[in-house]
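The values are calculated or read from the model by the stated rules, or taken from the named source; none is laboratory data. On a predicted model such as this, the values are computed, not experimentally measured, just so you know. Note that each Cβ is placed from the backbone with ideal geometry, even for glycine, and that neighbours are counted across all protein chains shown. Please note that ligands, DNA and RNA were not included when accessible areas were found on the heavy atoms of the full protein model with its side chains. Shrake-Rupley method; radii C 1.70, N 1.55, O 1.52, S 1.80 Å.
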Amino acid sequence: LNLQEKINSKILNNPLRSISYYEYMKSALYDPDFGYYSRPVEKIGKQGDFYTSSSVGSVFGETISDVFMEMIQALPDDIGPCLIEFGGGTGEFMYQVLQEWKRVNPSLLGKTKIVMIEKSPFHRQKQQEKLAGFAVLWYEEWELFLKDHQPIQAVIFSNELLDAFPVYIVEKCAGSFREVRITWNEKTGQFEEVYGDVSCPEVLDFLHKEQNQIPNIEGYRVEVNLDALHWLHSITDGLQAGFVVTIDYGFLRSDFFIPERRKGSLLCYKSHQVFDDPLADPGKMDMTTHVQFSPFMEEGENHGLTTLGFYTQSEFLINAGILDKLQSHDDKDPFHGVLSKRNRSIRQLIMPGGMGETFKVLVQKKGNFKARLAKLEKKGWV
Ligand SMILES: C[S@@+](CC[C@H](N)C(=O)[O-])C[C@H]1O[C@@H](n2cnc3c(N)ncnc32)[C@H](O)[C@@H]1O
């Protein structure tokens, strides 16, 4: 069976003859044989479909490595700290961090367990190649790591993980909500959207909490990322003490549900172009939605996490000292010189209106230990 046939059989086996967007996206992105993230094809960087902050330059990981160093040193007991990255893609970010630790604090590197939790076999392999010089543990799932290692004191990091989770989609209809679902149209030979009742109790619960924020505009679309909340639960439950650092594009509630976002935030990427038809080529494109940071933060607070800070990427990196990494240079060739390239990366990572503002950084903490993190404190003009 190919991916289209596999999705079709799910549709046929469903009594409604349709499946939720969640199920559709799960197959399109993570089907073990044909899903976008399972296929052995470059996704991140020039040869792929999209860039991420670590593909902009090593200064991203280098700067954050200083924050991690402070966090690891602040952990309450010396039970062998862990630095854990979820969904590390090509391994570029962790490579940048570990290279920097090796340079400035090799003993910390020696005593910290480095763990990569990555669902995609293709990305796991890329990470293993990239990080070959370091002692790293790989797991496909958090639960498998938990079985082997308890208790856990850790810094848990992710960049653009939550935006890659499948979501439910609902739409405002006559003062209430209906679910957007996917079916197969035999005549056109294409997938198409149909409507159904919202049946998942957790989606209903989410809508109940957010209903006053969602504009009363007919057809207004809301993506419900339950997996992001489930992910936060499971890591919080497994963590005895530590920090959770989550970077992604998205907004707090007040900026999320604005009338302009009436079509939702779901977008597809292929060869650095944006497409807005997620049904056209399942498995061949990345599909992503913006993160709703408010419910995510509150879910954390209800499950024993304290919010230490919510920053734009620009604020976070400047607090962490990225501007100290700017270097003066007299490169003859401002476009190809190493130093001018590095300075350009810094600019790109903190640029207002670009990556510096679209990306947000949430820092949460579990445990009653005292942690004064100088690298999170406000610096200079931000
Ligand atoms: C958009 S990519 C981001 C890659 C990388 N963090 C970066 O910034 O370049 C999302 C990554 O998360 C992985 N992923 C998705 N769901 C996951 C999960 N539940 N656990 C671990 N990794 C996951 C995907 O396989 C993919 O490698």
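Here are some notes:
- Percent antiparallel among DSSP beta bridges (both partners in region 213-345, rounded to 5): 75
- Using the rule -39500 (n - 2.57) for each DSSP H run of four or more residues, divided by the residues of the chain, the 222 nm mean residue ellipticity is -10500 deg cm²/dmol.
- Of the beta bridges in region 39-195, as assigned by DSSP with both residues counted there, near 40 percent are antiparallel.
- For region 23-154: rounded, prolate or oblate by the Cα gyration tensor [a/c cutoff 1.5]: oblate
- His208 accessible area, assembled protein chains, probe 1.4 Å, Å²: 120
- Separation of alpha-carbon centers, region 181-254 and region 344-364, rounded to whole Å: 25
- Neighbours of Phe256, meaning other residues whose beta-carbon lies under 14 angstrom from its beta-carbon, give a summed charge of 0 when Lys and Arg score +1 and Asp and Glu score -1.
- With all protein chains in place and a 1.4 Å probe, the accessible surface of region 220-306 carries 49 percent carbon and sulfur.
- Between Asn105 and His208, the simple label model (points 7 Å from Cα in the Cβ direction) yields a spacing of 4.5 nm.
- For Ala374, net neighbour charge (Lys/Arg +1, Asp/Glu -1) across residues whose Cβ lies under 12 Å away: +1
- Cα-based shape type of region 253-345, given that a ≥ b ≥ c are square roots of the gyration tensor eigenvalues and the cut on a/c is 1.5: oblate
- For the chain, a simple Cβ point-charge model (Lys and Arg +1, Asp and Glu -1, everything else neutral) yields a dipole of about 780 debye relative to the Cα centre.
- Surface accessible to a 1.4 Å probe, Met69 within the full protein complex, Å²: 20
- Note on Lys10 and Asn302: the model spin-label points, each 7 Å out from Cα along the C-beta direction, lie 2.6 nm apart.
- When all protein chains stay in place and ligands, DNA and RNA are ignored, the 1.4 Å accessible-area order of Asp163, Asp255, Asp276, Asp66, largest first, is Asp276, Asp255, Asp66, Asp163.
- Accessible-area order (highest first, 1.4 angstrom probe) of the listed residues Lys378, Lys270, Lys360: Lys378, Lys270, Lys360
- Solvent accessible area, Å² - Lys102, 1.4 Å probe, full protein context: 110
- Between region 9-80 and region 133-159, the alpha-carbon center distance in angstrom: 15
- Which listed pairs, of Lys126/Lys341; Lys26/Lys102; Lys46/Lys187; Lys6/Lys366, have C-alpha distances above 32 Å, in listed order: Lys26/Lys102; Lys46/Lys187; Lys6/Lys366
- Region 83-172: C-alpha gyration tensor shape, a/c 1.5 cut-off, then a/b vs b/c: prolate
- Each label point was placed 7 Å from the Cα along the Cα-to-Cβ direction; for Glu186 and Asn368 their separation is 6.5 nm.
- Looking at region 96-157, the accessible area is 48 square angstrom per residue; that uses a 1.4 Å probe and ignores ligands, DNA and RNA.
- Region 207-303, accessible area per residue, ligands and nucleic acids excluded (1.4 Å, Å²): 43
- Listed residue (Ile44, Phe68, Ile152) projecting farthest to the positive dipole end of region 43-168, Cβ model: Ile44
- Using alpha carbons only: equivalent-ellipsoid semi-axes of the chain, gyration tensor based, whole Å: 35, 23, 22
- Residue among Leu3, Ala135, Ser58 farthest towards the positive dipole end of the chain, charges placed on Cβ: Ser58
- Solvent-accessible ranking of Phe50, Phe34, largest area first, probe 1.4 Å: Phe34, Phe50
- Fraction of accessible area attributable to carbon and sulfur, region 160-204 (%, probe 1.4 Å): 48
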